[in-house]
Amino acid sequence: MAKQVDFAELKLSEKIIGAGSGGAVRKATFQDQEIAVKIFDFLEKTVKKNAEREITHLSEIDHEHVIRVIGRASDGKKDYLLMEYLEEGSLHNYLYGDDKWEYTVEQAVRWALQCAKALAYLHSLDRPIVHRDIKPQNMLLHNQHEDLKICDFGLATDMTINKTDMQGTLRYMAPEAIKHLKYTAKCDVYSFGIMLWELMTRQLPYSHLENPNSQYAILKAISSVSLVVRPTICHSVRMNVEISIPKS
């Protein structure tokens, strides 16, 4: 379990650096170290359940491409999850932010491989963990944008029993999860595939729709064979991907 720390040692800033499943994330200082803190407000039972699940899962994980937990704290009203702070932001912000960063196909493949290694680790645990919300917003960058870590385990679950509940972000969700059918760790693999396509095209999934930000429009496109468009990747990108993937 995550180490319980004294809330008095935690110095929260007013700066909100993100929001995940169940709570906002703020920058803080703990023992002279800059950290990120996810704040869980237990006004709803669902939030408390998700918080406990996220803290439990992250406390059991030790992988170079998964966000590291430092500890947990409480002030009696809210719980706080203390995590390492990665100041370079999310992969989503890198792709679509105002800075208009450039990157190569080789870099995209490296990010994808790092994410794949983390997923392989999660899925191979004694009690396999399925993230259920793989997307660029939940990939944090560091080391001058070279390396990636998965974050936000608020929807994660172990797969001792096949699930049928619809969890995740619709744009990246596997069809079986959307249809409330039994699904396995392969739903993460599907989401990873969507994200890989996004990395290669730098396009938001379903951006071809007339109203790409409408949940209803996306759901309709997924449900209707006539509206589904198979993502295309230009020939030069496919060639570069083949060259970039390590033979080992």
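The values are calculated or read from the model by the stated rules, or taken from the named source; none is laboratory data. Everything quoted here is computed from the prediction, not taken from an experiment. Because the Cβ atoms are built from the backbone with ideal geometry, glycine has one as well, and the counts that use them run over all protein chains shown.
Figures for the structure shown
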{"item": "Any chance ALA36 is surrounded by 15 or more Cβ atoms within 10 Å (Cβ to Cβ), modelled with pLDDT of 90 or more and not aromatic (Phe, Trp, Tyr)", "result": "yes"}
{"item": "Yes/no for ARG110 being within 19 Å of the chain's Cα centre (by Cα), farther than 19 Å from PHE153 by Cα and in contact (Cβ under 8 Å) with a residue 12 or more places away in the chain", "result": "yes"}
{"item": "Residue in segment 195-212 that is modelled with pLDDT of 95 or more, closer than 30 Å to ASP126 by Cβ and in contact with a Phe, Trp or Tyr (Cβ under 8 Å, 6 or more places away or on another chain) present", "result": "yes"}
{"item": "Residue within segment 132-143 that is modelled with pLDDT under 95 and more than 28 Å from PRO205 (Cα to Cα) present", "result": "no"}
{"item": "Filter result for the condition that a residue is exposed (fewer than 13 other Cβ atoms within 10 Å of the Cβ), over 23 Å from VAL130 (Cα atoms) and without any contact (Cβ under 8 Å) to a residue 24 or more places away in the chain, over LYS3, LYS15", "result": "LYS15"}
{"item": "Close pairs (7 angstrom Cβ cut-off, 6 or more residues apart or separate chains): in the same structural domain as TYR80 (by TED's automatic domain parsing) and in a strand (DSSP E or B) in segment 18-30, modelled with pLDDT of 90 or more and of a type in the set (Lys, Arg) anywhere", "result": "GLY20/LYS38; GLY23/LYS38; VAL25/LYS38; ALA28/LYS11; THR29/LYS11"}
{"item": "Unmet criterion (only one of (1) farther than 18 Å from GLU54 by Cα; (2) free of Cβ contacts under 8 Å to residues at least 40 places away in the same chain; (3) out of contact with any Pro (no Cβ under 6 Å at 6 or more places or on another chain)) for ILE178", "result": "(2)"}
{"item": "Qualifying residues in segment 153-194 (those that are modelled with pLDDT of 90 or more and of a type in the set (Lys, Arg)) - the one surrounded by the fewest Cβ atoms within 10 Å (Cβ to Cβ)", "result": "LYS186"}
{"item": "Hits in segment 80-119 (condition: among the acidic types (Asp, Glu) and either touching an Asp or Glu at 6+ places or on another chain (Cβ under 6 Å) or farther than 30 Å from LYS3 by Cα (or both))", "result": "ASP98, ASP99, GLU102, GLU106"}
{"item": "Residues located in segment 65-83, provided they are assigned to a loop (DSSP other than H, G, I, E, B) and within 15 Å of the chain's Cα centre (by Cα)", "result": "HIS65, ILE67, ARG68"}
{"item": "Candidates LEU86, LEU141, LEU119 - the one that is crowded, with 18+ Cβ neighbours inside 10 Å and part of a helix (DSSP H, G or I)", "result": "LEU119"}
{"item": "Boolean, VAL105 is β-branched (Val, Ile, Thr), modelled with pLDDT under 95 and not assigned by TED's automatic domain parsing to the domain that holds ASP41", "result": "yes"}
{"item": "Among residues of segment 92-107, those that are more than 19 Å from the chain's Cα centre (by Cα) and surrounded by 14 or more Cβ atoms within 10 Å (Cβ to Cβ), counted", "result": "2"}
